[in-house]
Amino acid sequence: MPFIGVDLYQMNEQIAAELGIDEKTKGSLVRSVYYKTPAYEAGLRQFDIITGMDGTTYDVREDLIEAIGKKSVGDEVTLHIIRDGKKLDLKVKIGDKNKFPNLAQQQQQRQ
């Protein structure tokens, strides 16, 4: 099952205001990055905002998750992110969620 290893929130005006960025910013806020996952290895950080992937904009969190799910394990994608108010591109290799059996336990501990 393709994944990158993050928990995401849908961006909204309130979150944007708290982060001190344009309130019209759309995308997915990285709530957490799981240890040793592809996102962790690529340097994705908590509070990064993913605005798109491979040149396509994803305003809605579910659309981004669906797009990642359509990739193949081992594919390299470019995530378009905002970090500390700056736009960056970050290369991430799509991983296999089945190779992270402790992920469900980590998710439960964070809730």
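Just so it is clear, none of the values below were taken in a lab; they were calculated from the coordinates. In this text, all values refer to a predicted model and were calculated from it rather than measured experimentally. Methodologically, a virtual Cβ is constructed for each residue, glycine included, from the backbone with ideal geometry; neighbour enumeration extends over all protein chains shown.
A compact table of results
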read-out: Check on ILE50, part of a strand (DSSP E or B) and closer than 23 Å to GLU13 by Cβ; value: yes
read-out: Qualifying positions in the stretch 19-28 - without any contact (Cβ under 8 Å) to a residue 40 or more places away in the chain and in a loop (DSSP other than H, G, I, E, B); value: ASP22, GLU23, LYS24, LYS26
read-out: Failed item in (1) touching a residue at least 24 places away in the same chain (Cβ under 8 Å); (2) over 11 Å from the mean Cα position of the chain (by Cα), with ARG31 passing the rest; value: (2)
read-out: Residue within the stretch 4-18 that is β-branched (Val, Ile, Thr) and without any contact (Cβ under 8 Å) to a residue 24 or more places away in the chain present; value: yes
read-out: Which numbered condition VAL73 misses (of (1) assigned to a strand (DSSP E or B); (2) surrounded by 15 or more Cβ atoms within 10 Å (Cβ to Cβ)); value: (1)
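Residues checked against (1) in contact with a helix residue (DSSP H, G or I) (Cβ under 9 Å, 6 or more places away or on another chain); (2) of a type in the set (A, V, I, L, M):
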{"site": "ILE4", "(1), (2)": "yes, yes"}
{"site": "GLU13", "(1), (2)": "no, no"}
{"site": "TYR34", "(1), (2)": "yes, no"}
{"site": "ILE49", "(1), (2)": "yes, yes"}
{"site": "TYR58", "(1), (2)": "yes, no"}
{"site": "GLU62", "(1), (2)": "no, no"}
{"site": "ILE65", "(1), (2)": "no, yes"}
{"site": "ASP89", "(1), (2)": "no, no"}
{"site": "PRO101", "(1), (2)": "no, no"}
